[in-house]
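Please read the structure below before turning to the comments.
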Amino acid sequence: MLNVLQITDVHLLPGTHERLLGVDTADSLRAVLTQAFSERTPDALLATGDIAHNGELATYDRFSAIVDEFYAGPRLVLPGNHDLWAPMSRYLSNPCVLSLPGWDLIGLDSHADDSPAAELGEPDMVELRKACAAAGDKHILLATHHPPLEVDCPWLDKDRIQNADELLEWLSEHTRVVAMVFGHAHQIIESDYESADRRIALLGTPSTCFQFAPRSQKFAIDDTKPGYRWLYLASDGGVTSEVRRVADYPLNIEIPQRH
Ligand SMILES: [Fe+2]
């Protein structure tokens with residue numbers, strides 16, 4: 001059994017004690033990592049994008065330094081829509097694959113600089129097909145930033161992966177992908193893609209800082225606590241997972257008022 005820790009949507013800022021919507025996002029990241037690492041040490045760490053809120057190089061250095069306080073093991077870090085490729089590139093693996101015993105973790109880059117929408121170009125798909133082929137008979141956990149399905153929030157759904165059904169159909173027919181994990185929605189999503197003889201779990205994970213309100217018609221924050229997901233990967237290809245929250249984290253959400 002492999003234990004993989006997924007964190008997502010860190011929205012880190014470069015300066016000490018800087019806050020976003022009232023939340024010190026470095027502090028909430030540390031709170032998440034403190035709790036998660038008190039539970040167990042993961043075999044791999046997966047960070048599924050929106051690492052930096054504004055894409056500065058100093059923020060990626062800061063993220064790496066904070067993770068280093070807790071962990072020296074393998075990590076796979078993906079970009080989200082708030083990230084910028086060039087300053088982040090030193091922390092991105094190429095090809096975007098973590099090879100573990102019996103499993104490959106494959107990252108799919110759904111971001112495009114300066115756009116909130118998912119964008120999967122042909123080069124991304126070429127990389128994905130190569131990585132899936134190279135996995136051979138290993139099981140695959142696929143990770144990306146944007147959801148491959150609607151999450152019942154129209155203001156988020158417009159930016160989901162378009163043509164995700166085609167992607168999932170191809171995955172179910174040509175690969176050993178067992179689950180696809182993602183971020184972006186800042187809330188728990190637990191669904192499935194089902195084809196004739198396959199089921200791919202679709203798992204969205206809360207942010208390490210603030211959460212978006214489920215079923216919100218427009219931008220809305222709720223008061224649910226910072227979270228993360230443990231993924232348990234069995235040697236027979238089974239995946240189970242659980243979302244955990246930092247229940248006593250003092251969130252002080254502040255939404256700027258428009259006048
Ligand atoms: Fe985000």
Exercise. What number of residues within the range 97-119 are surrounded by 21 or more Cβ atoms within 10 Å (Cβ to Cβ) and assigned to a loop (DSSP other than H, G, I, E, B)?
Worked result: 4
For this session: Have a look at Tyr232, Tyr249, Tyr228, Tyr193 and point out the one that is touching a residue at least 24 places away in the same chain (Cβ under 8 Å), under 18 Å from Ala26 (Cα atoms) and either β-branched (Val, Ile, Thr) or assigned to a strand (DSSP E or B) (or both).
Result: Tyr228
Exercise. Taking the range 36-48 as the search range and keeping residues that are touching a strand residue (DSSP E or B) at 6+ places or on another chain (Cβ under 7 Å) and under 20 Å from Arg245 (Cβ atoms), which one is farthest from the ligand (Cβ to nearest atom)?
Worked result: Arg40
Exercise. Restricting attention to the range 166-184, which residues are buried (at least 17 other Cβ atoms within 10 Å of the Cβ) and aromatic (Phe, Trp, Tyr)?
Worked result: Phe182
Exercise. If you scan the range 229-259, which residues turn out to be of a type in the set (Ser, Thr, Tyr) and touching a helix residue (DSSP H, G or I) at 6+ places or on another chain (Cβ under 9 Å)?
Worked result: Tyr249
Seminar exercise, completed: Reported set for the range 3-18 where residues are assigned to a strand (DSSP E or B), surrounded by 18 or more Cβ atoms within 10 Å (Cβ to Cβ) and not β-branched (Val, Ile, Thr) is Leu5, Gln6, Leu12
Problem set entry | Test: residue in the range 218-237 that is within 18 Å of Leu142 (Cβ to Cβ), surrounded by 17 or more Cβ atoms within 10 Å (Cβ to Cβ) and among the hydroxyl-bearing types (Ser, Thr, Tyr) | no
Problem set entry | Residue selected from the range 171-184 under the condition within 16 Å of the ligand (Cβ to nearest atom) and touching a His at 6+ places or on another chain (Cβ under 9 Å), by the criterion farthest from Thr144 (Cα to Cα) | His184
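Bear in mind that the values in this text are calculations on the coordinates, not laboratory data. Quick caveat: nothing in here was measured; it's all calculated off a predicted structure. Glycine also receives a Cβ, built like all others from the backbone with ideal geometry; neighbour counts cover every protein chain displayed.
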